[in-house]
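Asks: Mind looking over this structure? Questions follow.
The values are calculated or read from the model by the stated rules, or taken from the named source; none is laboratory data. Not measured: the values here are computed from a predicted model. Positions of Cβ are generated from backbone atoms using ideal geometry, with glycine treated the same way; all protein chains shown enter the neighbour counts.
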Amino acid sequence: MKQSPYPVEQTLGMQYYVCDNEGIQGLLRQEAEDFIVHEINNPVQSSGKYLICSLEKKNWELQRAVKEIAKILGISHRRISWAGTKDKHAVTTQLISLYDIAETDIENIHLKDITLTPVGRSDQQLSLGDLQGNRFEITLRSCISGNLTEAVAQADSCVKTGVPNYFGIQRFGVQRPVTHLVGKQILLEDYKEAVRTYVGFPSEGEPESVAKARTDYLSDNDPKKALENLPVQMRYERAILHHLAERPEDYEGALKRVPPKLLSMFVSAYQSWLFNMGLSHRIQMGYALSEPAPGDRILFQNGKTDIVGESNAAQAAVLIRRGRAHICLEMPGEKTVPTGSPSEQHISSLMEADGISYASFRKAGELTDMSFKGALRMISVSTTVESEVCDDIVRLSFSLGPGQYATTICREYMKADPVRMI
């Protein structure tokens, strides 16, 4: 194990690497084609109320792409859904479902760097997680190493064995990782502070004028002044501010101007932060990713779960080695009952320090129209990587399951400042 030296990773809980070498550094996403994602889909039907289309996009944020498609079709964007959110600075292919839309309607959609192709129909809309996984084609440029081929081979071996299944930095906001902080304030029912955090906190990479507009808002809480200074493309911040300009002090209503899926992602980001922190605490305590510890949750292939104790520890270890069971942590929710594992006890202590209880997730669910019951997540991710080295360029090809991050794999190779990966 090797500790990350980067403050942002430390703050977001991504505190360790499995590979002990120094890393190859490099740059990710120098071009959109350096990050290619192909969704691995479930079979598509031939009939139903929902039109299933393949959406290929380049340098498009998914929510924005969906809104532009909906605008052309003359429908609400809520009639469009998807199985997984893909990266913006990338070339991505995925399925989306459109309610009560004909194949011929798609012919009217002409957007730069977007291709929409009907592939079938379904009786149900796509929901998050309705996919088998994703296939990635990654190019790392300007890599450095005394022996690049050897360093890549070492990382190949580490990743095949298993690395920490962290939520990547994009889960918290690529340019401005504050989504978990907004989620924390929502869970505390401090909606004013949630708005101030989302609208007001600047990032180092933002233009000076935008950073000043954000800090000014933190100082004076003046939504009209902030609207004058924030650029029009910051549509979610501006939607919140427009509401506050008309209805001062209605911070709960202002938050609801954000699309429900994005609003729920704030709370999910706080859950993700707790998971990352719990996983890093487990590693810090000296527990291996592949060896069960007392109190660990075990997920079996048939979907059943168990908790490791003295009576089943040996059997659990055998099943994990054979790949028939996996060690998991629970991302906390309103139904969570923490085990005695050091990781979950650490998560509980972090929540207590923040003033958040498991019941807090129920109220957040009412605000966001989502359910936060808690969910299991494997503590390690492994995959076979096909790697190629050419001068200072490294190409990686691999597949991951739903909810697993390509950047989690790339960081084991690069060990670079996260700004080189966004």
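Asks: Answer yes or no as to whether Lys57 is at pLDDT below 95 and crowded, with 16+ Cβ neighbours inside 10 Å. Talk me through it step by step, then tell me what you get.
Replies: Details: at pLDDT below 95: no; crowded, with 16+ Cβ neighbours inside 10 Å: yes.
Considered against the rule, which asks whether it is at pLDDT below 95 and crowded, with 16+ Cβ neighbours inside 10 Å, Lys57 comes out as no.
Asks: Here is a check on your reading of the model: is Glu150 in a helix (DSSP H, G or I), outside the structural domain of Leu28 (by TED's automatic domain parsing) and surrounded by fewer than 21 Cβ atoms within 10 Å (Cβ to Cβ)? Full working, then the answer.
Replies: Numbers: in a helix (DSSP H, G or I): yes; outside the structural domain of Leu28 (by TED's automatic domain parsing): no; surrounded by fewer than 21 Cβ atoms within 10 Å (Cβ to Cβ): yes.
No.
Asks: What is the residue count in segment 223-243 for residues that are loosely packed, with under 15 Cβ neighbours inside 10 Å, over 21 Å from Val174 (Cβ atoms) and either in contact with a helix residue (DSSP H, G or I) (Cβ under 8 Å, 6 or more places away or on another chain) or at pLDDT below 90 (or both)?
Replies: The number of residues fulfilling the criteria is 2.
Asks: Just to verify a result, which residue in segment 196-216, among those that are part of a helix (DSSP H, G or I), free of Cβ contacts under 8 Å to residues at least 24 places away in the same chain and not hydroxyl-bearing (Ser, Thr, Tyr), is surrounded by the fewest Cβ atoms within 10 Å (Cβ to Cβ)?
Replies: Glu208
Asks: Under 21 Å from the mean Cα position of the chain (by Cα), surrounded by fewer than 16 Cβ atoms within 10 Å (Cβ to Cβ) and at positive phi, is that true of Asp391?
Replies: Judged against the criteria, Asp391 is not a match.
Asks: Turning to a different aspect of this structure: Name the pairs: first residue in segment 217-234 and among the polar types (S, T, N, Q), second residue assigned to a helix (DSSP H, G or I), Cβ to Cβ under 6 Å, at least 6 apart or on different chains?
Replies: From residues that are among the polar types (S, T, N, Q), the pairs are Asn229/Ala213.
Asks: Okay, next question. Residues Asp100, Asp113: which one is closer than 23 Å to Arg29 by Cα, in contact with a Lys or Arg (Cβ under 9 Å, 6 or more places away or on another chain) and not β-branched (Val, Ile, Thr)?
Replies: On inspection, the qualifying residue turns out to be Asp113.
Asks: From the set of residues in segment 51-102 that are assigned to a loop (DSSP other than H, G, I, E, B) and polar (S, T, N, Q), which is nearest to the chain's Cα centre (by Cα)?
Replies: First pass over segment 51-102, keeping only residues assigned to a loop (DSSP other than H, G, I, E, B): 59-61, 74-76, 83-90, 100-102.
From what is left, the residues that are polar (S, T, N, Q) are 59, 76, 85.
Working: Asn59: 17, Ser76: 25, Thr85: 8 Å.
By that ranking, first place goes to Thr85.
Asks: Another question, then. Go through the residues of segment 296-316 one by one and say whether even a single one is surrounded by fewer than 23 Cβ atoms within 10 Å (Cβ to Cβ), closer than 30 Å to Ala194 by Cβ and either in contact with a helix residue (DSSP H, G or I) (Cβ under 7 Å, 6 or more places away or on another chain) or among the β-branched types (Val, Ile, Thr) (or both).
Replies: No, segment 296-316 has no match at all.
Residues checked against (1) of a type in the set (D, E, K, R); (2) outside any loop (DSSP other than H, G, I, E, B); (3) more than 20 Å from Ile283 (Cβ to Cβ):
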position: Cys158; (1), (2), (3): no, yes, no
position: Tyr166; (1), (2), (3): no, no, no
position: Val174; (1), (2), (3): no, no, yes
position: Pro177; (1), (2), (3): no, no, yes
position: Gln185; (1), (2), (3): no, yes, yes
position: Glu193; (1), (2), (3): yes, yes, yes
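Here's the yes/no breakdown for (1) more than 17 Å from Phe275 (Cβ to Cβ); (2) out of contact with any helix residue (DSSP H, G or I) (no Cβ under 6 Å at 6 or more places or on another chain); (3) assigned by TED's automatic domain parsing to the domain that holds Glu150:
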{"site": "Arg321", "(1), (2), (3)": "yes, yes, no"}
{"site": "Pro342", "(1), (2), (3)": "no, yes, no"}
{"site": "Glu352", "(1), (2), (3)": "no, yes, no"}
{"site": "Phe372", "(1), (2), (3)": "no, no, no"}
{"site": "Ser399", "(1), (2), (3)": "yes, yes, yes"}
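Asks: Now for a different question. Between residues in segment 285-296 that are in the same structural domain as Ile320 (by TED's automatic domain parsing) and residues that are among the polar types (S, T, N, Q), which pairs lie under 6 Å by C-beta distance while being six or more apart or on different chains?
Replies: Listed by first residue and then by second, the contacts come to Leu289/Ser380; Gly295/Thr339; Gly295/Ser341; Asp296/Ser341.
Asks: To continue, here is another question. Scan segment 361-383 for residues that are over 30 Å from Arg411 (Cβ atoms) and modelled with pLDDT of 95 or more and jot them down.
Replies: none
Asks: Which one of these is closer than 28 Å to Leu140 by Cβ and either in contact with a Pro (Cβ under 9 Å, 6 or more places away or on another chain) or among the basic types (Lys, Arg) (or both): Lys112, Lys71, Lys49, Lys67?
Replies: Lys112
Asks: Follow-up question, since we're still on this one. Can you tell me which residue among Ile80, Ile52, Ile69, Ile75 is touching a residue at least 12 places away in the same chain (Cβ under 8 Å), of a type in the set (Val, Ile, Thr) and surrounded by fewer than 20 Cβ atoms within 10 Å (Cβ to Cβ)?
Replies: Result of the check over Ile80, Ile52, Ile69, Ile75: Ile75.
Asks: Could you tell me whether segment 251-259 includes any residue that is loosely packed, with under 14 Cβ neighbours inside 10 Å and either of a type outside the set (Lys, Arg) or part of a helix (DSSP H, G or I) (or both)?
Replies: No: segment 251-259 contains no residue that is loosely packed, with under 14 Cβ neighbours inside 10 Å and either of a type outside the set (Lys, Arg) or part of a helix (DSSP H, G or I) (or both).
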